[in-house]
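Step one of this worksheet: look at the structure below.
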Amino acid sequence: MKNKLKKIFITGGAGFIGSHVAESFFKNFPKCNIIILDKLTYAGNKSFISSITKSKRVKFIKCDIINTNKYSRLLKNCDLAINIAAESHVDNSFISPLNFTKTNSLGAHAFLLECIKRKVKKILHISSDEVYGEKITGTCYENQLVNPTNPYSASKAAAEVLINSYKYTYKKEIIIVRANNIYGIRQYPEKLISTSIVNLIKNKPIPIHGNGRNIRFYLSAVDFANALIFLVKKKEKGVYNIGSNFFEKNINIARHICKIFKKNPKKFIKFTDDRLYNDKRYSVSSKKVQKLGWRPKRNLLKDLPMIVEWYKKNYKIFKKYEKKI
């Protein structure tokens with residue numbers, strides 16, 4: 001597969017996760033042309049992929065995934081299409097749920113149809129561990145029924161149902177990936193880690209939903225991108241959980257970040273009203289992909305100082321949308 005990939009199409013490639021994926025595929029497939037599509041919403045920024053857009057092998061197109069007429073022809077002769085474009089902030093999904101349905105469900109469906117129309121050889125769709133719903137004890141495997149509990153996860157689950165149906169209709173090679181909470185540089189300051197860091201940079205308190213005891217597992221964006229490359233090179237298809245074994249309560253993540261800034265958590269952590277429904281815990285098993293030979297290599301606590309330094313130097317990238325922070 002490594003030598004056969006000549007053309008890759010990536011949606012959402014200028015976002016937090018997408019930019020890491022685009023960089024990794026660019027590096028690992030040095031003879032491959034890459035087309036990156038991104039709507040450049042508040043969470044995306046072309047500067048995130050500036051290191052690769054200078055290359056003649058990379059083409060960038062600013063476009064909404066829904067507007068297929070603007071990019072359909074670019075899918076022709078693609079060996080691989082990766083759909084990362086998504087609205088992902090759960091809080092926003094309670095406020096504007098139809099926006100999430102539009103991008104995450106309808107957008108994914110429209111993109112899939114264009115991939116089929118243009119005879120794309122392999123399709124890789126990025127989903128979420130949240131489609132399983134809350135998991136108080138134990139862990140979720142790929143064959144478990146989905147049970148989303150908020151508009152965001154419901155929109156991702158709906159996309160999966162649609163995409164899965166086409167593997168029967170068109171016998172398409174499709175990979176669906178469900179990942180843990182992903183951390184790293186470039187994430188817009190609305191999720192726990194990025195918000196905590198930027199708020200402390202500005203000497204503002206960290207907002208914590210409810211009592212802060214909700215548990216999340218964390219996976220590096222770098223490890224995640226490498227997992228996708230691993231699955232593509234292995235010529236795999238089907239559903240795969242991608243995760244790490246590192247988990248922590250939200251309140252403790254905030255405390256770790258306070259420690260790096262040498263801030264008193266009692267003064268800089270502010271408890272706020274909880275979400276309408278806030279899953280207490282997610283947990284997925286990655287045994288399926290680990291049996292093939294993939295393992296996460298990075299650790300959140302070791303990476304946090306580096307991430308903090310990046311935000312200290314770059315948080316003003318998000319200044320255009322500062323009123324949202």
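Computed from the coordinates by the stated procedures, all read-outs in this text should not be read as laboratory data. It should be emphasised that the depicted structure is a prediction, and the values quoted were computed from it without experimental measurement. Reconstructed Cβ throughout: ideal geometry from the backbone, glycine too, with neighbour counts over all protein chains shown.
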Could you order peptides 74-87, 115-128, 256-269 by the average number of other Cβ atoms within 10 Å of their residues, highest first? 74-87, 115-128, 256-269
Can you tell me how the stretch 244-323 classifies by the Cα gyration tensor, rounded, prolate or oblate, using a/c under 1.5 as the rounded cut? prolate
Rounded to the nearest 500 deg cm²/dmol, what is the calculated helix-only ellipticity per residue at 222 nm for the chain, with -39500 (n - 2.57) per DSSP H run of length n ≥ 4? -10000 deg cm²/dmol
Between residue 34 and residues 5 or more places away or on another chain, the pairs with built amide H atoms under 5 Å apart involve 8, 58, 59
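What shape does the stretch 35-128 have by the C-alpha gyration tensor, where a ≥ b ≥ c are the square roots of the eigenvalues, rounded means a/c under 1.5, and otherwise prolate means a/b greater than b/c and oblate the rest?
Working: a/c = 2.07, a/b = 1.24, b/c = 1.67.
Verdict is oblate for the stretch 35-128.
Could you tell me which chymotrypsin sites (Phe, Trp or Tyr not before Pro) in the stretch 90-196 are loop residues by DSSP with no more than 15 other beta carbons within 10 angstrom of their beta carbon?
141, 170
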Under 5 Å, built H, 5+ apart or other chain: amide partners of residue 124: 81, 82, 83, 175
Can you work out D for the stretch 101-246 in µm² s⁻¹ from Stokes-Einstein, where Rh is the Kirkwood radius over C-alpha pairs, the temperature is 25 °C and the viscosity is 0.890 mPa s? 145
With a cut-off of at most 16 other beta carbons within 10 Å, and DSSP calling the residue loop, which trypsin sites (Lys or Arg not before Pro) in the stretch 139-176 qualify? Please list them. 171
The FRET efficiency for residue 266 and residue 301, from their Cβ-Cβ distance with R0 = 30 Å and rounded to 0.05, is 0.90
Correct semi-axes for the stretch 111-191, from √(5λ) of the alpha-carbon gyration tensor and rounded to whole Å with the largest first, are 25, 17, 11
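If you count the DSSP beta bridges with both ends in the chain, what percent of them are antiparallel, to the nearest 5?
If I count the DSSP bridges inside the chain, around 10 percent turn out antiparallel.
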When only Cα pairs under 8 Å and 6 or more residues apart are kept, what is the percent relative contact order across the stretch 80-197? 32
Dividing the alpha-carbon Rg of the chain by 2.2 N^0.38 Å yields what? 0.96
What distance in nm separates the two pseudo spin-label positions at residue 285 and residue 54, each 7 Å out from Cα along the beta-carbon direction? 4.7
The extension gain from residue 4 to residue 134, computed as 0.36 nm times the residue separation minus the Cα-Cα distance, is 42.8 nm
